[in-house]
1. With r defined as the distance between the Cβ atoms of Thr103 and Glu56 and R0 fixed at 25 Å, what FRET efficiency is calculated, to the nearest 0.05?
2. How much net charge surrounds Ile61 when only the other residues with a Cβ under 15 Å from the Cβ of Ile61 are counted, with Lys and Arg +1 and Asp and Glu -1?
3. Quick one: which residues, 5+ away or cross-chain, put their amide H under 5 Å from the amide H of Ser95? H built at 1.01 Å from N.
4. Tell me the accessible surface of Arg49 in square angstrom (1.4 angstrom probe, heavy atoms of protein chains only), to the nearest ten.
5. Do you know the relative contact order of the stretch 38-78, to the nearest whole percent, from alpha carbon pairs under 8 angstrom that are 6+ apart?
6. Quick one: check the C-alpha center-to-center distance for the stretch 66-96 versus the stretch 1-62, whole angstrom.
7. Report the extension gain between Ser115 and Val17 in nm, rounded to one decimal, defined as 0.36 nm multiplied by the number of residues separating them, less their alpha carbon distance.
8. When only the heavy atoms of the protein chains count and the probe is 1.4 Å, how do Lys84, Lys105 rank by accessible area, highest first?
Amino acid sequence: FGQVLRYDAESGDFVDVLIPPGAGGNTSACCPVIGPDGDLYLPSSLNGRVNRHDAESGEFIEAFVPAGSGGLTEPLVAIFGPDKHLYVGDNGDASIRRYHGRTGKFIDEFVAPGSGGLGNLVTQSIRRLHRLRRLFGLATPEPGGQPAEEPSPHPAQPHQVVVQRRERHDEQNRA
C-alpha cells in the first residue's frame, strides 16, 4: 500500500520498487508527478500532504506541502502548471489549491471547495485535473501514471503507482 513501482520505458520490464510502502510517511500513492526540478512529487491522501522524493533513488526529501497547508485535507492528484506552481486536487473538499513551485507555500484556492462541478468523488477529481492539464497544454496521464497515447504494458495494481521517466517529459518540464 502506498508504493511506487518503476519500469523501463523502452522494454516495459519491471526495474524496482522506487518508493516502498510507508517511505517518507506515504500512506497512499496516487498520481505522482515529476516537477520542474526533476524530483518526484507524490500526493499522500491519507496523511494529507504532498511528499517530495528524489526521482532516481526514491529517497524521501521532505513533506513539500505539509498536512493542512492552505486547508489541504486529502490530496489526490497534483500537476505543475505552466507557471511552474503546483496545483493539488483535494478530494476532501473537492477543490484545487495552488502552491509555490519551489517552496511549497500555499498561494490560493485555484478552484474553491465544491465549485466548478468538481464533486468529491475520486474519479471526478482526477478527470478535472486531467482537463486542467490539457488547458495548460501538458500531456494527460491516465490513472496509473501512463500518458493516454502510450498505454502501459504493466497496469498498476490497486494502491500502486507505475512511474516511467521519459526524456521528452523532463524536457517539457524544463521549458
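1. Rounded to the nearest 0.05, the efficiency is 0.65.
2. -3
3. Excluding prolines and chain starts, which carry no amide H, the hits are Asp90, Gly114.
4. 50
5. 42
6. 17
7. This chain segment gains 31.5 nm when fully extended.
8. Of Lys84, Lys105, the descending order of accessible area is Lys105, Lys84.
The values are calculated or read from the model by the stated rules, or taken from the named source; none is laboratory data. Nothing here was measured: the structure is a model prediction, and the numbers come from that model. Every residue, glycine among them, receives a Cβ derived from its backbone with ideal geometry; neighbour counts consider all protein chains shown. Ligands, DNA and RNA are excluded from the accessible area calculation, which covers all protein heavy atoms including side chains. Shrake-Rupley method; radii C 1.70, N 1.55, O 1.52, S 1.80 Å.
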